[in-house]
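Step one of this worksheet: look at the structure below.
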Amino acid sequence: MKKIIILVFYLFFIFTNKAQEKVLPIIDMHLHAMDINSFGPPPTAMCAPLLEYPTHDPKDNYSKEWSEWLRNPDCENPIWSPNTDDELMRQTFEVLERNNIYAVTSGVPHIVSKWKNELPNRIISGLWFARFLGSEPSVEEVEKAFKEGKLEVFSEIAIQYDGKSPSDASFEPYLDMAEKNDIPVGIHIGTGPPGAIYIGGSPNYRAALHSPLILEDALVKHPKLRVYIMHAAWPMLDDLLAVLYSHPQVYIDVGIIDWQLPRKEFHRYLQRIVQAGFGKRIMFGSDQMAWPKTIEVAIESLESAEFLSDEQKRDIFYNNAARFLRFSKEQIDRHHQK
C-alpha cells in the first residue's frame, strides 16, 4: 500500500511539472494573412513536403494544371486549407497560441489589420509589396504608415515577381527611406511557386533573380539597412554563403523551404549554412499562406535536424530574430512568460 501511495505521488509530481512547463517562444519572420481564394476556390491543398514537383507538357495550360494540382495534390497526406477567411484566421491563431509564436505578418492590407486587431500581442504588422500583388504604395505612403505605427516590418518585398532586383533604380527610394527610418526589411529572393512565370500574374519572374548577389549593390549603397533574405535564397547556396560572408549585417529566414522541400534537401541546405559559420543569422519563417498546419511541419523540420544543438535551435526559433528586430529585454521577458 505504501509503495502505491509513493507511486501515485511520484506520477502526480511528474504530470504537474509537465503541465507547468513553459512553451518556449518562437518568432515567425514570414507569415501571411491572405484571402482564402488567393489560390482558387477553397479548399486547396499542399504537400508538406512536396516530394515530386508537377510535370508539364507545353501544349497544355500550366496555370490551369497548377490550380487543378492544388485541388488534387499527388501526396499521401496533403494539408488542406480552411474554407473561409475567418476559419483561416482562427486556425492560424490556434497554431500561434499553441506554439507561443509571434509572427511578422503581411498580406492583404485589410486582412492584416483585422488579424492585428484580433490578436495584437502576437501579430507584428508587415507590408507585402509588389506590383503583381496590386500592392505597391508610394514611398510617402509607406513612410507615413510606419511613422504612424500601422506597420512594423517592411516585408515581404516580392518585387522578384515583377522581374525586379532590390538593387533596381526604381526601388532605390524605398530602401533609402527604410534605412533613414531604421525600418527592418525582408526581401523575397528565391523560391516561388514551381513554374511561377507560367501561372499568371508574374510573367517577368526570372530564375536569375534567385541569386542573393542581386542584393549586393543595394547593400553597399545602404550600409545601415537592416535586411533579411527570405527563403534563404534557395537553391543558390554558394551565392548565399558569399553574401553572408561579405555582408555581416544580412540575415535570412527559412520560410517555405522548411516545409515544402523534401526533408533531406532542406537539412542539407541548412546544415551547410550552419557549418559555414552563419548560425547566428538564420531565422525561423513558415511562409504560411492558406494552410495553417504547415507552420507546425516547419517547426518539426527544425526540431528533427540532428546536426543542430539545442542552443542553435533556440537561436533559429527566437534569439536571432529578437536581435534582428531589436526587441527590448521587457519584450523578450514577456514572450518567455507563457
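Just so you know, all these numbers are worked out from the coordinates, no wet-lab data involved. Nothing here was measured: the structure is a model prediction, and the numbers come from that model. When we count neighbours, we look across all protein chains shown, and the Cβ atoms used for this are built from the backbone with ideal geometry, even at glycine.
Among 77-86, 121-130, the peptide with the highest mean count of other Cβ atoms within 10 Å heads the list, and the full ranking is 121-130, 77-86. Taking the dipole about the Cα centre of the chain, with the C-beta of Lys and Arg at +1 and of Asp and Glu at -1, give me whichever of Ala145, Leu127, Phe327 is farthest to the positive side. Of the candidates, Phe327 comes out farthest on the positive side.
With 23 Å as the limit, the listed pairs Lys147/Lys313; Lys164/Lys264; Lys224/Lys280; Lys293/Lys313; Lys116/Lys144; Lys164/Lys221 have Lys147/Lys313; Lys164/Lys264 beyond it between alpha carbons.
Is there a quick way to get the dipole size of the range 37-155? I mean about its Cα centre, with the Cβ of Lys and Arg at +1 and of Asp and Glu at -1; what is the value in debye to the nearest 20? List each step's numbers first, then the result.
Details: 12 positive and 19 negative charges, 73 e Å.
Dipole magnitude for the range 37-155 comes out near 340 debye.
Note that the range 82-87 has calculated 3J(HN,Hα) couplings of x, 9, 9, 4, 5, 5 Hz, one per residue in order, obtained from phi through the Karplus relation 6.51 cos²θ - 1.76 cosθ + 1.60 (θ = phi - 60°); glycine and proline are x.
Could you sort the peptides 225-236, 106-117 by per-residue average Cβ neighbour count (10 Å cutoff), highest mean leading? The partial results should precede the final answer.
Values: 225-236: 24.1, 106-117: 18.3.
With the highest mean Cβ count within 10 Å placed first, the list reads 225-236, 106-117.
Here the sum of -39500 (n - 2.57) over DSSP H runs of 4 or more residues, divided by the residues of the chain, equals -11000 deg cm²/dmol at 222 nm, to the nearest 500.
Simple rule: put +1 on each Lys or Arg Cβ and -1 on each Asp or Glu Cβ in the range 165-230, find the dipole, and look at Pro194, Tyr228, Pro212; the Cα lying farthest toward the positive end is Pro194. With one equal scatterer per alpha carbon and no solvent term, the Debye-computed log10 I(q)/I(0) for the range 171-233 at 0.12, 0.23, 0.26, 0.27 1/Å reads -0.35, -0.97, -1.09, -1.13. Backbone amide hydrogens, once placed in the peptide plane, bring Thr44 within less than 5 Å of Ser81, excluding anything fewer than 5 places away on its chain. A straight chain from His336 to Glu306 at 0.36 nm per residue would run longer than the Cα-Cα distance by 8.3 nm. Here are labelled values, (1) 20.4, 66; (2) 18.7, 57; (3) 20.8, 81, and one is the computed Rg and Dmax of the Cα atoms in Å for what I pasted. Which one? It is the one labelled (3). Once the mean of 1/r is taken over each pair of separate Cα atoms and inverted, the range 134-278 shows a Kirkwood hydrodynamic radius of 15.8 Å.
Near the amide H of Asp253, within less than 5 Å, lie the amide hydrogens of Ile229, Met230, His231, Ala232, Met283, all on another chain or at least 5 residues away, with H placed in the peptide plane.
Based on the mean of other Cβ atoms within 10 Å per residue, sort peptides 196-203, 137-144 so the most packed one is first.
Working: 196-203: 16.6, 137-144: 14.1.
Ranking, from highest mean packing down: 196-203, 137-144.
Where both partners of a DSSP beta bridge lie in the chain, what percent of those bridges are antiparallel, to the nearest 5? Roughly 10 percent of the DSSP beta bridges within the chain come out antiparallel.
Could you size up the charge dipole of the chain around its Cα centre, putting +1 on the beta carbon of Lys and Arg and -1 on that of Asp and Glu, and report it in debye to the nearest 20?
On the way: 36 positive and 46 negative charges, 251 e Å.
So the dipole magnitude of the chain works out to roughly 1200 debye.
Going 7 Å from the Cα of Asp168 in the Cα-to-Cβ direction, what parts of the range 240-280 have a backbone nitrogen less than 18 Å from that spot? Taking a point 7 Å out along Cα→Cβ of Asp168, no residue of the range 240-280 has its backbone N under 18 Å. Taking the centroid of alpha carbons for each part, the range 49-75 and the range 256-284 are 26 Å apart. Contact order, relative form, for the chain: 21 percent (alpha carbon pairs under 8 Å, 6 or more residues apart, mean separation divided by residue count).
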